[in-house]
Every structure is written in structure tokens, then in C-alpha cells.
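To start, the structure under review is shown below, and the notes come after it.
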Amino acid sequence: MRLDENRDLAGKFYTVMYRTRRFEEEVFEFYKRGLMPGLAHLYLGQEAVAAGACGALKDSDYIASTHRGHGHLVASGADLKRMMAEILGKGTGYSKGKGGSMHIMALDKGILGANGIVGGGIPIAVGAAYASRLLQNESVTLSFFGDSAANEGVFHESLNMAAAWDLPVVFVIENNLYGISVDIRKVTKEPRLSKRAEGYGIPGSTIDGNDVFAVYKEVGLAVARAREGKGPSLVECLTYRHQGHHVGDPGVYRPESEVAEWKARDPLDRLEKAGLLTALKIKTIRDSVDEEIAAACSFAEKSAYADAAEAYTDVFAD
Ligand SMILES: Cc1ncc(C[n+]2csc(CCOP(=O)(O)OP(=O)(O)O)c2C)c(N)n1
Ligand SMILES: [Mg+2]
């Protein structure tokens, strides 16, 4: 890749990662001010995974997200105003405030939804990929999930079916080493989760998930493979969340030295130091994103809650 192409991409990736970071920081602020109902699982620290992986997709592709899903939406270009309004439970949100942080979705961007059920997005992604096969369209589905979700039975069933039928889906594990307070290394004998791919006869790889270019490249190869009809792949991205499991969790179970070590590998800092962006370019991006985020926050805060008469619309439950 030529240097100017790299610079171009670096600018795009930095914009997406900084937008995600600022978005999440403001969600945290809303929580602390008592303006956000429930909890949110912040994506701070993991920005390079969503930016690189979603950067490898086309507009016609799909994404099945997780409980830690804001970054996937931001990286897919979802409307920040509608996202923030959804998180505050407002009527102007993507789901009129009925989904909130953990069920946020943006169908206009191919986001099939976040999911409060750990591992719940994996079979949804396989279903979407099967639909693409039946419809004979060229869409690929990206399935994001965490290290702990990879220990759910549904992970194995889904990978088996997707592999057997060569479905156009890419499984992306965001291995941030923890499932709530449980260290994945204490509940898994083989720490290299991508090795599981071999058992299903599909390619598996482990990459530095805090290097946005590495994620873009590896997921890009897997997406191209899926689009060519060659079936699924498993990409394990090593990353780390800066905060606790959710906004109310101080995360004290993690050794301070480990947190410091990972913060030193911050994906935004690393891109800033890669020498591809000038200080002026970084400032210009930051200024413009700061304005977007301020507008999204003000829109969300000023928006009204949905009318009570709306309570039973768009709700599917028996
Ligand atoms: C089926 C199911 N089991 C347990 C939970 C409780 N739970 C919520 S998040 C979580 C940990 C998920 O860890 P991981 O998959 O690594 O994702 P991360 O939070 O690290 O992004 C658990 C156990 C749940 N929501 N759903
Ligand atoms: Mg995890």
C-alpha cells in the first residue's frame, strides 16, 4: 500500500476511533449525572477492533453486535444523535428509547442489533449469512463477540453450521481477557481461542486488536474469502477494556500493572505515534468530532421521551 493511501486510511480510522472514544466518554458522563437509565458496557480501549473490522465491510453487509456494541455502530456510520437518544431512552432514539444501550440497533447501517444475551448474536449472524446465501446476494455478516461468549455452547453450534455450509460470515472474537470479573485464562485451558477454528475446518488467526491496520487487513482477507463463497473464518483480536465491565464496575479485580500495560498500548495513541498523521490533521479531526459529539449530546438531552401510548407499538412479546 502506498504511503498516501495509508495516510488516507489512517485519517479515516483515527476519525472513527476518536468518535467512538468521545461518544463513550459522554455516555459515561450521562451515567454519572443520573441521566442514563440502566447501565452501559463501554468500548473504551477496544476502538481499533470495530474501526478496522467495520472498515473492511461494504454498506450492504451486516453486523451482529454484543452488549458492548456502541463501537460497532459508531464504526458503521450510525447516526450519533439517534444513538445517544436511544441510550438516554428518548423517543428520538433508534428504537424510540425502548432498546437502550444493550439492545441498540441501526438497521439502516446493517446492524442487526446489540444483544444482552452473551453469545446471542452469533447464531443471528449465521442466520443472516444463510439468508444471504438463499437470496444469492453478496452480503457478508460480521459476528462480534467476546472471549467469554466463545465458551458458550452456541458458539460451537454456530461455527459448525457456518463451516459445514460455507456461509459468508466472519467471526470476530474481541478477546479483552475478561468476562465480567473472570479472567479467561482461569477458565480456559488453551488461551489461543483462534485455535478452535481448526476443529471446524476453517481458518483461524490471532492478531493485535489494538492495531487498527492489522485488524483491517486480517478481517478484510476473511471478508473477501467469505464473499468469494469460500466460507467463514475466525479472527481473534487481542484487546483490553479500559474501564470495568460496565459503567458501575470499578474493575478492581484486574492487576494495576496489567491495566497500565494495556493503556500503554492504547489504539489511538499508537495511531497518533505511527507518523502517518500530522499534528494539525489530528487537531482538525478532533475539533470536528468534538462538535459532532456535542451536537449528539444536546440533541439527546433535549429530546422528549416517547409518548406513553407508544408503549405497546413495535414490541413483539406474548
Ligand atoms: C447467556 C448469558 N450468560 C451470562 C450473562 C451475564 N453476562 C453479561 S456480560 C458477561 C461477560 C461477557 O464477557 P465477554 O463475552 O468476554 O464480553 P466482554 O464483556 O468482555 O466484552 C456475562 C457473563 C448473560 N448476559 N448472558
Ligand atoms: Mg471479554
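Each reported figure results from applying straightforward, stated rules to the coordinates on display, with no laboratory input. Source: prediction; values computed, not measured. Cβ coordinates were reconstructed from backbone atoms using ideal geometry, including for glycine residues, and neighbour counts include every protein chain displayed.
So, with +1 on the Cβ of K and R and -1 on the Cβ of D and E, and no other charges, what is the size of the charge dipole of the chain about its Cα centre, to the nearest 20 debye?
Details: 37 positive and 43 negative charges, 66 e Å.
Dipole of the chain, to the nearest 20 debye: 320 debye.
Calculate for the chain the 222 nm mean residue ellipticity that helices alone would give, adding -39,500 (n - 2.57) per DSSP H run of length 4 or more and normalising by residue count, nearest 500 deg cm²/dmol. Let's see the in-between values first.
Numbers: 11 runs with 139 residues, N = 318.
The per-residue figure over the chain is -14000 deg cm²/dmol.
Of all DSSP beta bridges in region 168-253, what percent run antiparallel (nearest 5)?
Given both bridge residues lie in region 168-253, the antiparallel proportion sits at roughly 15 percent.
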Inter-label distance, nm, simple model (7 Å from Cα along the C-beta direction), ARG133/GLU292: 3.6 nm
For region 3-303, with +1 on Lys and Arg beta carbons and -1 on Asp and Glu, the positive-most of SER181, ASN6, GLY248 along the dipole: GLY248
DSSP bridge orientation in region 101-204 - percent antiparallel, rounded to nearest 5: 35 percent
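From the gyration tensor of the Cα coordinates in the chain, what semi-axes in whole Å does the equivalent ellipsoid have, largest first, with each one equal to sqrt(5λ)? Mind showing how you got there, number by number?
On the way: eigenvalues 152, 119, 86 Å².
Square roots of five times the eigenvalues give 28, 24, 21 Å.
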Rounded to whole Å, sorted largest first: equivalent-ellipsoid semi-axes of region 243-296, Cα gyration tensor: 28, 19, 5
Per-selection metrics, region 119-184 (Cα): Rg and Dmax in Å: 12.7, 43
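Listing TYR253, TYR312, TYR62 from the residue with the fewest other Cβ atoms within 10 Å to the one with the most, what is the order? Please list the in-between numbers first.
Details: TYR253 13, TYR312 8, TYR62 24.
Sorted ascending by nearby Cβ count, the order is TYR312, TYR253, TYR62.
Between ALA260 and LEU107, 0.36 nm times their residue separation minus their Cα-Cα distance comes to what?
Values: separation 153, 0.36 × 153 = 55.08 nm, distance 3.71 nm.
Here the segment from ALA260 to LEU107 would lengthen by 51.4 nm.
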Cα→Cβ-extended label distance, 7 Å offset, between ALA274 and ASP183, nm: 3.1 nm
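Neighbour counts of other C-beta atoms within 10 Å: give me SER60, SER205, SER303 arranged from fewest to most. All intermediate terms of the calculation are to be shown ahead of the outcome.
On the way: SER60 11, SER205 16, SER303 19.
Ordered by Cβ neighbours within 10 Å, fewest first: SER60, SER205, SER303.
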Phi to ³J(HN,Hα) by Karplus 6.51 cos²θ - 1.76 cosθ + 1.60 over region 101-114, Hz, x for Gly, Pro: 4, 7, 10, 5, 9, 8, 4, 5, 10, x, 7, 7, x, 6
DSSP beta bridge pairing in the chain, given as percent antiparallel to the nearest 5: 10 percent
Principal axis box of region 49-172, alpha-carbon based, largest edge first, Å: 43, 30, 24
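Using the Kirkwood formula on the Cα atoms of region 202-318, what hydrodynamic radius do you get, in angstrom to one decimal? Please report the intermediate quantities before stating the final value.
Values: mean 1/r = 0.0526 Å⁻¹.
This gives a value of 19.0 Å.
Please tell me which of these pairs span more than 19 angstrom C-alpha to C-alpha: LYS12/LYS109; LYS58/LYS109; LYS109/LYS302; LYS12/LYS217? Each step should come with its number before you reach the end.
Working: LYS12/LYS109 17 Å; LYS58/LYS109 10 Å; LYS109/LYS302 25 Å; LYS12/LYS217 15 Å.
LYS109/LYS302, as the Cα separations exceed 19 Å there.
Which GluC sites (Glu not before Pro) does region 141-237 hold that lie in a coil by DSSP with at most 12 other beta carbons within 10 Å? Can you show the working numbers first?
Numbers: sites: GLU152, GLU157, GLU174, GLU198, GLU218, GLU228, GLU236; in loops: GLU152, GLU228.
Within region 141-237, the qualifying GluC sites (Glu not before Pro) (loop, at most 12 other Cβ atoms within 10 Å) are GLU228.
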